[in-house]
1. Within the stretch 203-222, is even one residue more than 11 Å from the ligand (Cβ to nearest atom) and among the small types (G, A, S)?
2. Name the residue, out of A52, A89, A46, that is part of a helix (DSSP H, G or I) and either over 25 Å from the mean Cα position of the chain (by Cα) or without any contact (Cβ under 8 Å) to a residue 12 or more places away in the chain (or both).
3. Have a look at I279, I299, I307 and point out the one that is out of contact with any Ser or Thr (no Cβ under 7 Å at 6 or more places or on another chain), closer than 25 Å to D411 by Cα, crowded, with 16+ Cβ neighbours inside 10 Å and touching a residue at least 60 places away in the same chain (Cβ under 8 Å).
4. State whether one or more residues within the stretch 37-44 are of a type in the set (A, V, I, L, M) and surrounded by 23 or more Cβ atoms within 10 Å (Cβ to Cβ).
5. So which of A470, A405, A385 is at negative phi and outside the structural domain of A311 (by TED's automatic domain parsing)?
6. Go through the stretch 195-216 and give me each residue that's surrounded by 23 or more Cβ atoms within 10 Å (Cβ to Cβ) and in a helix (DSSP H, G or I).
7. What single numbered condition from (1) touching a Phe, Trp or Tyr at 6+ places or on another chain (Cβ under 9 Å); (2) closer than 25 Å to K273 by Cα fails to hold for V412?
8. For residues that are small (G, A, S) and assigned to a strand (DSSP E or B), scanning just the stretch 441-495, find the one that is surrounded by the most Cβ atoms within 10 Å (Cβ to Cβ).
Amino acid sequence: MAELEKLQMYIDGARVDAAGGEAFESLNPFTGKAWATVPRGGPEDAERAVAAAKKAFTSGDWPAMTPTARGHLLRKLGDLIAENAERLAKIEVQDNGKLMAEMGMQLQYTPQWFYYFAGLADKIEGAVLPIDKPDMFTYTRHEPLGVITMITPWNSPILLLTWKLAPALAAGNTVVLKPSEFTSASSLAFADLMEQAGFPKGVFNVVTGYGAEIGETLVTHDDVAKIAFTGGGQSGAHVYEKAAAGLKKVSLELGGKSPNIVFADCNIDNAVKGAISGIFAATGQTCIAGSRLLVEESIHNEFVDKIVDFAKTARMGDPMSMDTQVGPVTTMPQYEKILGYLDVAREDGAECVLGGAKADRPECGDGWFVEPTIYTGVNNQMRIAQEEVFGPVLSIIPFRDDEEAIEIANDVVYGLASGVWTSSIERAIEIPKRINAGTVWVNTYRAVSYMAPFGGYKRSGLGRESGQDAIYEYMQTKTVWISTASDVPDPFVLK
Ligand code: NAD
């Protein structure tokens, strides 16, 4: 048996094991076998990492650096990511089962976040206020918050880290990252690039381990100013509650059950491709999955035939192969959860028109694969329509008219993303106004950019990532009052 690679945490610029010396195995979802060991960090490791980040925030080179100089470092980091894209992609594919075809492109695009926020770092301007008092010079400054705890899920470790890290560093904060216990490898490899780019020691730290064992110390620690969390709703709510005790700032990027609405007047072939990309890309393991496909009744049957025919052609197999279109599920518990939802859909009376089982294909080997699955006859009250499956499972729900489409689209606790397929200019403008979601795509799906704010309505989260909004999530405003008066007026009245 091949020897397992031994991964180490990254604290204060040094590679370290967990203080308790324990580690757990990281599995390759395509083979189902362990390929590396990951330190099982605990409170002592969290303490060390926060102390390092606090020291880096308050003393040394980092706080002395101008925003322009921070921008230079971020640009260098972006270049290093592009140069190391293939190496990082291979690590991610092995650890996470993401497709090489997607990771290659994603990692060539990831640097753009660092370039964008590098540029923004020295453009965050305060204001001189035309204050309504004589003899007073009053201005605002935007300052960093301090030590930021970042907690990420397993489905897209580098990209989701990037969305937090680029604005947080541009703003001048320092960071302790805890990636998912299932997919820590790429974030640990990322730390090497931070060092090569020249970030001072302690500005970026990566600790590994389980949420309950190390995550909570990072959430509740007195020296942590903010928690930036991406993950499931239940853990998000728990983190929010814990952070509330310390009155910490929190941003949450949580789950979704996004409606992809197909009107009869759309270009059907384009809408089929949009629906496919919404649910089968990344094996459906995305928070923005268009898992509820709302189809206007008059084209329902034609649409179902077309999407089933298209989905049947999806090539499954080794995620390292550039031909593969649907890879394995990333974790064994997630695999079991998806299979459980297939039972739920059956019990609820949904009609399975494609898949509906684990994939039993030779090209899938011992991996955790689920057949691309499509249900029709779904009504929006079924669990399969209300709960996030986070897998390649699509529920098709018919609707009569615009009113019913909007009603069904919004009748869910989530509000992360949505799609609209139409050739009507009125619908393209009016329907997005009425959908309760942070993102609405019209005649496209699954588009993201460093320039475009991203985040959830309702239980899909708090705060925004990407775009200019994002940097203010990592800053606070200070107002400075300077009196130019020669004497101090009556001290017993408000000035
Ligand atoms: P998860 O909530 O199980 O875990 C996310 C992270 O939180 C992990 O690092 C985990 O260790 C940590 N964690 C868990 N409990 C914790 C605790 N008590 N204290 C501190 N940390 C804790 O989620 P997951 O299964 O890894 O990811 C899938 C979920 O993430 C899905 O619901 C998906 O929709 C969501 N997601 C959201 C977005 C978005 O941007 N909105 C993006 C990707 C994924």
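The values are calculated or read from the model by the stated rules, or taken from the named source; none is laboratory data. This is a predicted model, so every value here is computed, not measured. Note: ideal-geometry Cβ built from the backbone for every residue, glycine included; neighbour counts use all protein chains shown.
1. Looking for residues that are more than 11 Å from the ligand (Cβ to nearest atom) and among the small types (G, A, S), one finds none in the stretch 203-222, hence no.
2. Residue meeting the stated conditions: A52.
3. So the residue among I279, I299, I307 that is out of contact with any Ser or Thr (no Cβ under 7 Å at 6 or more places or on another chain), closer than 25 Å to D411 by Cα, crowded, with 16+ Cβ neighbours inside 10 Å and touching a residue at least 60 places away in the same chain (Cβ under 8 Å) is I307.
4. Within the stretch 37-44, one or more residues are of a type in the set (A, V, I, L, M) and surrounded by 23 or more Cβ atoms within 10 Å (Cβ to Cβ).
5. Exactly one of A470, A405, A385 is at negative phi and outside the structural domain of A311 (by TED's automatic domain parsing), namely A470.
6. Correct list: I214, G215.
7. (1)
8. G461
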